[in-house]
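Read the figures in this text as sums done on the coordinates, not as results from a lab. What you see is a predicted model, and the numbers here were worked out from it, not measured in a lab. All Cβ positions, glycine included, derive from the backbone under ideal geometry; neighbour counts span all protein chains shown.
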Amino acid sequence: MAENPRIQQSINGQTVDIQTGGSGDTLLILHHDIGNPGWLPFYDLLSDKFSVYVPSHPGFDTSDRPDWMRSVRDMATTYQWMLREMGIDKPYIVGLGFGGWIAAEMATTASDHIRGMSLVNPMGLQPKEGEIMDQFLLNSEEYITSGFADLTSYHSTFGDLPDVDQLVTWEINREMTTRIAWKPYMFDRSLEQLLRAVETPTQLIAGKQDRIVPPVCCDQFAGLIPNSTVAHIDQCGHFPDIEKPDELANLIIDFATL
């Protein structure tokens, strides 16, 4: 996996690790619950148009763990604090899966400080049909592979067999996910009400073969956020940033540069 420059930002006495690249308007990418696997080709595509920042969430990967943090809303508020400390105002936010939930929470309290956002297979709402896959009933590798329509891109990213360091990182990230998104699992009942106040231009993107988050969740988000749009990617599961990077990047760029 390619590496890009890393910076560290201290928030409340703890460090958030951030990968960055590109130039132009700021674009913040909030990663999945599995963590940030490194500088992906998807990030490169977006860095052709934007200054891209990809933080590892507090408590994920190599970022410090805030032991006090107990909700996704806590994490969203911490990110708002981080952006203010970095002097970043009105970023475009791309939220991937779990990161889509964080982005949505940020928009409920700071809609006027977000230029726009793309929520990709977002968690955060209770599906009206089906349910969000419970990763804690599976091991990490089973959970992640279930998020691909075709395992070719999974193996090209993580190898034929994930190494020990990767498995340990996945378990660290699962443990932090448990702390902040366990009950109810991967959604917040109040978010449905708060999204009605969001004025941020919002694009919802669903992988048609997503087995982790039912694609109907994108329609639910769109029904709550005024003037939002929905796009679908065919032959794609929960991780289009890995599985369909070109198609996903083109959708985001087209919407973000309107």
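Taking the Cβ-Cβ separation of Thr62 and Asp160 as r and a Förster radius of 25 Å, what is the calculated FRET efficiency to the nearest 0.05?
For Thr62 and Asp160, the calculated efficiency is 0.55.
Could you work out the per residue convex hull volume over the alpha carbons of the chain, in cubic angstrom? Can you show the working numbers first?
On the way: hull volume 28.8 nm³, N = 258.
Convex hull of Cα atoms, per residue: 112 Å³.
Residues with amide H under 5 Å of Leu30's amide H, sequence separation 5 or more or different chain, H placed in the peptide plane at 1.01 Å from N; which?
Close amide H contacts, sequence-distant or interchain: Val94, Gly95, Leu96.
For the chain, what is the calculated [θ] at 222 nm in deg cm²/dmol (nearest 500), taking -39500 (n - 2.57) for each run of four or more DSSP H residues and dividing by its residue count? Spell out each step's value before the answer.
On the way: 10 runs with 95 residues, N = 258.
Taking each H run of at least 4 residues, the total per residue is -10500 deg cm²/dmol.
Taking the Cα centre of the chain as origin, work out the dipole magnitude from +1 charges on Lys and Arg Cβ and -1 charges on Asp and Glu Cβ, in debye rounded to 20.
Working: 17 positive and 36 negative charges, 167 e Å.
That gives a dipole near 800 debye.
Starting from the Cα gyration tensor of segment 53-143, take the square roots of the eigenvalues, sort them a ≥ b ≥ c, and report rounded, prolate or oblate (rounded when a/c is under 1.5, otherwise prolate if a/b is larger than b/c, else oblate).
Numbers: a/c = 2.05, a/b = 1.38, b/c = 1.49.
Taking the square roots of the gyration eigenvalues as a ≥ b ≥ c, segment 53-143 is oblate.
Considering only DSSP beta bridges whose two residues both sit in segment 6-256, what percent are antiparallel, to the nearest 5? Before the final figure, lay out each step's value.
Working: 11 of 33 bridges.
Of all bridge pairs located within segment 6-256, approximately 35 percent are antiparallel.
Specify the inter-centroid distance of segment 199-258 and segment 79-142, based on alpha-carbon positions, in whole Å.
12 Å
Tabulate in residue order the Karplus-calculated ³J(HN,Hα) for segment 81-87, using 6.51 cos²θ - 1.76 cosθ + 1.60 with θ = phi - 60°, rounded to whole Hz; enter x for Gly and Pro.
4, 4, 4, 5, 5, 7, x
Using a Gaussian network model of the chain whose springs link C-alpha atoms within less than 10 Å, name the residue from Asp74, Asp165, Asp241 with the highest mean-square fluctuation.
Residue with maximal mean-square fluctuation among Asp74, Asp165, Asp241: Asp165.
Given H placed 1.01 Å from N in the peptide plane, which residues other than close sequence neighbours of Ile233 have an amide H under 5 Å from its amide H?
Sorted by chain and number, the residues that satisfy this are Ala206, Gly207, Lys208.
Which Rg and Dmax, in Å, describe the Cα atoms of segment 126-193?
Over segment 126-193's Cα set, Rg and Dmax evaluate to 14.2, 43 Å.
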